[in-house]
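For reference, the structure discussed in these notes is given below.
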Amino acid sequence: MARNKYPEETVKKILDVSEQLFLEKGYDHTTIQDIIDHLGGLTKGVIYHHFKSKEEIFNTILEKRYAIGITDQIESMKDISGFEKIKKINSMSLRSLEHQKLAFSAKSLITNPRIIGELYAEAFTNIIPYIKTFVEEGIKDGSIKTDYPQEIAELIVISTNIWLAPSFYKMDENALLNKLSFFKMLYEGVNFPLIDDEYIDDVVTMFRAIQE
């Protein structure tokens, strides 16, 4: 009855309980049965009525957190340049440590070739066009000097979301610093200094926290 009469409340409860378990135990060590055991009487059938799998629950949590974060950022970015908007968006997720710990709790997902392929497709379908609007805004307001807005948007998204993030499990801090130094040089080479010392410090801080 509860799931039919109050589906939004049921979904919220499933997501809240699942998120807490993912943070405490890690995605890979949390089972559907663990989630059921913490739902106060809801059954496996209720979960599968709303979600096809544990993976879908996890992805929904990440999408909701990201959407809320972006919305909050947009509200605070009305009076700054296109370049500064991109910098804020780029650094936003790094400063949401809980979000990052949640994302990197799912080693089996983030290193899965199928998931990486889905991230790549999602980037080109939704994220890159979104970032491109800020690049074009920066060109208009003079904060960005480039004749390649599409390519700059692709570089931003692919370097941070596709190239850097999935490799966190495969590198130590020195390797991370080398990669970040390369990114900094690469961005400077196209006259788009997105990666600065503050950003590098934020990435390293996040990396250390995730390893704990």
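A short reminder: the numbers here are calculations on the coordinates, not readings from a lab. All values reported here derive from a predicted model rather than from experimental measurement. In this analysis, Cβ positions are derived from the backbone assuming ideal geometry, glycine residues included, and neighbour counts consider all displayed protein chains.
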**Report entry** Footprinting exposure proxy for VAL157, VAL11 (fewest neighbouring C-beta atoms within 10 Å first)
**Finding:** VAL11, VAL157
Query raised in the report: Which lysines have a Cα less than 16 Å from the Cα of LYS140, not counting those fewer than 8 places away in the same chain?
Result: LYS78, LYS85, LYS132
Report summary line: Note, region 145-157: 3J(HN,Hα) by Karplus (6.51, -1.76, 1.60, θ = phi - 60°), whole Hz, Gly/Pro = x, goes 10, 7, 9, 10, x, 5, 5, 5, 4, 5, 4, 4, 6
Query - Filtered trypsin sites (Lys or Arg not before Pro), region 34-66: DSSP coil and at most 13 other beta carbons within 10 Å - result: LYS52
Query raised in the report: How big is region 7-63 on each of its three principal axes, counting only the C-alpha atoms and giving the largest first in Å?
Result: 25, 24, 17
Requested in this report: For each of ILE210, ILE35, count neighbouring Cβ atoms within 10 Å of the residue's Cβ, then give the residues from fewest to most.
Outcome: ILE210, ILE35
